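Take a look at the structure below.
The values are calculated or read from the model by the stated rules, or taken from the named source; none is laboratory data. Predicted, not measured: the structure shown is a model, and the values here were computed from it. For neighbour counting, all protein chains shown are included, and Cβ atoms are generated from backbone atoms with ideal geometry for every residue, glycine included.
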Amino acid sequence: MSLLPYLIAAWLFLVGLYGIVTSRNLVHAVVCLSVVQSSTYILLLAIGYERGGTAPIFLDVPVGTRAVDPVVSALTLTDIVVGATVSALLLALAVQTYKRHGTLDTEEFRSVRD
Amino acid sequence: MGALPALPVAVPLLVAAALVGLAPVIRHRLADAVAVATAATVAGLCAALLLQAAGGPVVYWFGGWTPRQGIALGVAFAIDPVGAGLATLAGVLATAALVFSWRHFEAVGTLYHSLMLVFLAGIVGFCLSGDLFNMFVFYELLSVSAYALAGYRTEDPGSLQGALNFAITNSVGAFLVLAGIALLYGRSGALNLAQLGQALASGPADRLVVVAFLLLLVGFFVKAAVVPFHFWLADAYAMAPTPVGMLFAGVVSELGLYALARVYWTVFSGPLAADAGGLRAVLLGAGVVTALVGGVMCVLQHHLTRLLAYATVSHVGLTLTGLALLGPAGLGGAVLYAVADGLIKGSLFASVGIVQYHLGSVDELALRGRGRHLPWTATLVVLGALGLAGVPPFGTFLGKALMEEAAGAAGHAWLTALFVVVAALTAAALLRAAGRVFLGLGGPPARAVDAPPGPAYPTMLAPAALLLAGALAIGLVPGLAGRVELAAARFTDRPAYAAAVLQGASGPGGADAESHPPGYPAGPAGWATLAAVLGLALGLWPLLRRRPSGPRRATARLWAPVGAALRSLHNGHIGDSVTWLVVGMAAFGTLLALVVR
Amino acid sequence: MSPSLRRRVFLVAAAVAGALLVWGLSGLPDYGIYRGPYGDVLNAVAVGERHATNVVAAVTFDYRGVDTMGEEYILFAAVIGVAILLRAQRDEREEAPDEDAADRRAPGTSNAVRVLGLALLGPVVLFGIYVVAHGHLSPGGGFQGGVVLATGALLVYLSGEYVTLRRVRPEALLDLAESSGAAGYVAVGLLGLAAGVTFLENVLPLGQAGTLLSSGMIPLINLAVGLEVAAGFVLLLSEFLEQTLVVRRPGEQT
């Protein structure tokens, strides 16, 4: 089924969102966000894939060999760095929240009373 | 031209890195000075770019990778007056914010200054870029800086929760944007905006184009805080430190709308042109709902910064209605309105920051009557409220007049009523707050707490006053309306943009600006004055009578459940925000699928 | 919303959104068929123009170098952000952890882990430097190599020697390294401006493809990025480890 990798990406995206929506623990929600992000990696890399293509590294193979798209690899690299940094920030926020509230339960968090 | 386009991004990044690396040898005062100087330099550079771009689009290919046979190999900055104007606004607001935080702000070593400069660089890069993925990278750069700056007050649990909601919801929005970029790349193999536009123009508006547009729309609407993607905004903006709030309310929310407009006009206006009528309806609906929800929530607040946050939401809705007309006239009005409104909101955030610093609270009820010794601040708040209402000669009036004109020409004259109502609501909330805090109306004065006494510090007052003066100046510059309309016309001209970027064709030069009669058109001026009067009445009404009268009690009983329902919806829960995000995505997606055939 | 209502609303909305996504994704070219011109053009010309055999590195650091500069600064901003968010609060104090972790409820490190961790430290660091240096030739580069280098610090923690490392107090050095990496990228870009061409344009000799000193500015950028990423991640790790091991609020039991 030639649509399968894209369906996997869509599934991961929705499952990750489901995790965020129903989570009771802040760290769990942050990891679910990483799952959402990994769906974008799969989508990007699947789009650039060429059947029978090798990696776009021409150290051992001559130039002109069929290779996959190097641009999506570069985009995914950027995406991974972005995701790692956002997770780091969110976890730092979670650590401080635990120290201030004593709990990581998302149900306990409410807006400033106005 | 030379190296000018690269500098507004390179300079703040370099200085930010230097501030962190040389932290052991840099004293606080020096860091303040360096940061202010850098922000001012960025503002100046962007203003120079604005002047340069007025003569024709400025296209800068990084690394010298110019396009080959219409295929863009490298990343380009494609600078036009609208983008350069927003970048200049960001520079001005950042300078004001850094001046505000001079001396009295609890800066963490040099880290605060460095992060603010990186934030500024992200905004500037986002506004100047002509490549879709490059826009995404700068979008994430400004977002990551924003998440950290929003959670700055780590001692306050509300601030942390606001930052968490902000970070999670906006990250999901960013991933949606990336998915949209991936879809467009899969179809056309291009990341450059002009090249994408050309690749899509030759094909039909099929399901991939519709869903790619949906993903980009939802992602950018999350940043812009359009209903129902706005639930994160109040907590994040209200609890952020004042200088950060100035930048957030002043320019960051408008960036989402700018991105949507840019992407629509350069990429999607070809294939989606046939369905512009339906698209217009969808976007108008979103704008109207956002404006009304923001306005009503604004009136329900008595936490001053949350009040300003909801005012931001409602004014984003108004800007969206201008953009939704999908024409150069509406776009020009929206841009002018957004810039002037951004300056005014920056000024208001600074004024509220002064109140917070000197009186120790931002709760309107707890501050009743305690602001009597802050006369200048009071003046600035009242003027700001009038500016938000769009009273001439503020720039907001000019922008609104242009939008109303465009709406009337497009057959949507009822938008004028919306502008009046929303302007009245936001002005009312602010005037009521000002009356309570500075004049002590509406009840006995509240108890004072320990806080620095006396008049406001000049480093805090000056930015507030100067930003407001800027908003006034925009309304007073002669011929600005005509030039903005010219810039908007070029913004919406997809083939000319593509030619300029991909073939280096110089711009169409000086087409004659549509002549606008000098002075203020009577019609819009009348409506704006009506809005201000309504706002004054609505704002002062709860303050004047001590005991609720019969009709007041009846209206209160009527509106109480609505207010309670709205409040319970805006409860700041992360799961709720994400659920509403998906609901919004489903709703907009269905509407778009039906509209684009 | 109550949790069960939220779940139900979400499931309905997600079903509709999912259907729309799948509908849109079906408009993509089949998996395994890549049609776009961008990748094909680059695969054909990159080696000849950049003398870099790793085309992904050529794209990341040369053709789309501005994106990578932004990305590097995202990491920079996140490290600063974490340092700001985890800064010492007024009611907290620092307490140097006990050497043998007797004050923590975690079991002490076994000798096998200690020996293996420390023995692997050298090879890991060497491998990290190799990956950074050969980024333009084979898969790797500044980001990947920098992360490998940062795991060296993690190995130190796992083998129970974190306290020893902490006594050296390398924070100022790490800050300097990280900023040099970040500023280095911009400086390389400014080299192009100084030479009279565009930002980030290559001004160094290209060398011969396949050798270590080739591809013009790409090895230089790789070095800057590797430095910044390694220092940045070590700073991130040390911030979080400080929270676990060192920071105590009044009355808190470890």
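Would a scan of the stretch B:53-63 turn up a residue that is within 21 Å of the chain's Cα centre (by Cα) and within 14 Å of chain C (Cβ to nearest Cβ)? Steps first, answer last, please.
Within the stretch B:53-63, the subset within 21 Å of the chain's Cα centre (by Cα) is none.
No, the stretch B:53-63 contains no residue that is within 21 Å of the chain's Cα centre (by Cα) and within 14 Å of chain C (Cβ to nearest Cβ).
Condition test on B:A190, is it at pLDDT below 90, crowded, with 24+ Cβ neighbours inside 10 Å and over 30 Å from B:V99 (Cα atoms)? Here the answer is yes, as B:A190 does meet what is asked.
Between B:V293, B:V263, which is surrounded by fewer than 24 Cβ atoms within 10 Å (Cβ to Cβ) and modelled with pLDDT of 90 or more? Step through it out loud before you land on a result.
Working: B:V263 fails: surrounded by fewer than 24 Cβ atoms within 10 Å (Cβ to Cβ).
After applying the criteria, what remains is B:V293.
With respect to (1) buried (at least 24 other Cβ atoms within 10 Å of the Cβ); (2) assigned by TED's automatic domain parsing to the domain that holds B:N170, the lone exception for B:P228 is condition (1).
Every residue, every condition in (1) out of contact with any Ser or Thr (no Cβ under 8 Å at 6 or more places or on another chain); (2) small (G, A, S); (3) not in a helix (DSSP H, G or I), yes or no:
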site: B:L50; (1), (2), (3): no, no, no
site: B:V59; (1), (2), (3): yes, no, yes
site: B:T66; (1), (2), (3): yes, no, yes
site: B:F77; (1), (2), (3): no, no, yes
site: B:G85; (1), (2), (3): yes, yes, no
site: B:A90; (1), (2), (3): yes, yes, no
site: B:T95; (1), (2), (3): yes, no, no
site: B:L98; (1), (2), (3): yes, no, no
site: B:W102; (1), (2), (3): no, no, yes
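For the stretch C:146-155, the criterion of a residue being among the polar types (S, T, N, Q) and within 20 Å of C:G232 (Cβ to Cβ) is satisfied by at least one position. When the stretch C:164-223 is filtered for residues that are more than 10 Å from chain B (Cβ to nearest Cβ), closer than 30 Å to C:L241 by Cα and either of a type in the set (G, A, S) or part of a loop (DSSP other than H, G, I, E, B) (or both), the ones remaining, listed by number, are C:R169, C:P170.
Only a single criterion out of (1) more than 7 Å from chain C (Cβ to nearest Cβ); (2) touching a residue at least 60 places away in the same chain (Cβ under 8 Å) is not satisfied by B:L115, namely (1). Within the stretch C:36-61, the set of residues being facing chain B (nearest Cβ under 9 Å) and touching a Gly at 6+ places or on another chain (Cβ under 6 Å) comprises C:G36, C:P37, C:Y38.
Could you please find all residues in the stretch B:144-172 being in a helix (DSSP H, G or I) and surrounded by fewer than 24 Cβ atoms within 10 Å (Cβ to Cβ)? Break it down stepwise before answering.
Just the residues of the stretch B:144-172 that are in a helix (DSSP H, G or I), to begin with: B:144-150, B:157-172.
Listed by number, the residues that qualify are B:P157, B:G158.
Which members of the stretch A:5-29 meet the condition of being at the interface with chain C (Cβ under 7 Å from one of its Cβ atoms) and hydrophobic (A, V, I, L, M, F, W, C)?
Filtering the stretch A:5-29 for residues at the interface with chain C (Cβ under 7 Å from one of its Cβ atoms) gives A:5-7, A:10, A:14, A:17-18, A:21-22.
Selection gives A:L7, A:A10, A:L14, A:L17, A:V21.
Quick check, is B:L7 in contact with a Cys (Cβ under 6 Å, 6 or more places away or on another chain), assigned to a helix (DSSP H, G or I), within 30 Å of B:G399 (Cβ to Cβ) and not polar (S, T, N, Q)? No: the conditions fail for B:L7. Looking at B:G122, is it in a helix (DSSP H, G or I), without any contact (Cβ under 8 Å) to a residue 24 or more places away in the chain and crowded, with 22+ Cβ neighbours inside 10 Å? So B:G122 fits the description; yes.
Does B:A434 satisfy being crowded, with 22+ Cβ neighbours inside 10 Å, over 30 Å from B:N192 (Cα atoms) and at pLDDT 85 or above? Please lay out each step first, then the result.
Working: crowded, with 22+ Cβ neighbours inside 10 Å: yes; over 30 Å from B:N192 (Cα atoms): yes; at pLDDT 85 or above: yes.
So B:A434 fits the description; yes.
Note on the stretch B:204-242: residues that are in a helix (DSSP H, G or I), over 13 Å from the mean Cα position of the chain (by Cα) and within 14 Å of another protein chain (Cβ to nearest Cβ) total 18.
How many of the residues making up the stretch C:26-63 are of a type outside the set (V, I, T) and either more than 31 Å from the chain's Cα centre (by Cα) or not in a helix (DSSP H, G or I) (or both)?
The initial filter retains those residues of the stretch C:26-63 that are of a type outside the set (V, I, T), namely C:26-32, C:34-40, C:42-44, C:46, C:48-52, C:54, C:57-58, C:61-63.
From what is left, the residues that are either more than 31 Å from the chain's Cα centre (by Cα) or not in a helix (DSSP H, G or I) (or both) are C:26-32, C:34-36, C:51-52, C:54.
Selection size over the stretch C:26-63: 13.
To keep it simple, each residue is scored yes or no on (1) among the hydrophobic types (A, V, I, L, M, F, W, C); (2) surrounded by fewer than 22 Cβ atoms within 10 Å (Cβ to Cβ).
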site	(1), (2)
C:V16	yes, yes
C:P29	no, yes
C:R35	no, yes
C:A46	yes, no
C:E49	no, yes
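Checking the conditions here, which among B:A413, B:A417, B:A385 is touching a residue at least 12 places away in the same chain (Cβ under 8 Å) and out of contact with any Asp or Glu (no Cβ under 7 Å at 6 or more places or on another chain)?
On the way: B:A413 fails: touching a residue at least 12 places away in the same chain (Cβ under 8 Å); B:A417 fails: touching a residue at least 12 places away in the same chain (Cβ under 8 Å).
B:A385 is the lone residue from the list that is touching a residue at least 12 places away in the same chain (Cβ under 8 Å) and out of contact with any Asp or Glu (no Cβ under 7 Å at 6 or more places or on another chain).
Within the stretch B:152-187, being within 20 Å of the chain's Cα centre (by Cα) and within 9 Å of chain C (Cβ to nearest Cβ) holds for one residue alone: B:A163.
Quick test for you: out of C:V246, C:V147, C:V163, C:V203, pick the one residue that is surrounded by 19 or more Cβ atoms within 10 Å (Cβ to Cβ) and of a type in the set (A, V, I, L, M). Let's see the steps before the verdict.
Details: C:V246 fails: surrounded by 19 or more Cβ atoms within 10 Å (Cβ to Cβ); C:V163 fails: surrounded by 19 or more Cβ atoms within 10 Å (Cβ to Cβ); C:V203 fails: surrounded by 19 or more Cβ atoms within 10 Å (Cβ to Cβ).
Sole residue among the options that is surrounded by 19 or more Cβ atoms within 10 Å (Cβ to Cβ) and of a type in the set (A, V, I, L, M): C:V147.
List the helices (runs of 4 or more DSSP H) inside the stretch B:483-597, counting only whole elements, that have at least 1 residues being at pLDDT 75 or above and within 14 Å of chain A (Cβ to nearest Cβ). Please lay out each step first, then the result.
Working: elements: B:494-503, B:522-544, B:550-569, B:574-595.
Once the helices (runs of 4 or more DSSP H) in the stretch B:483-597 are filtered for at least 1 residues that are at pLDDT 75 or above and within 14 Å of chain A (Cβ to nearest Cβ), what remains is B:550-569, B:574-595.
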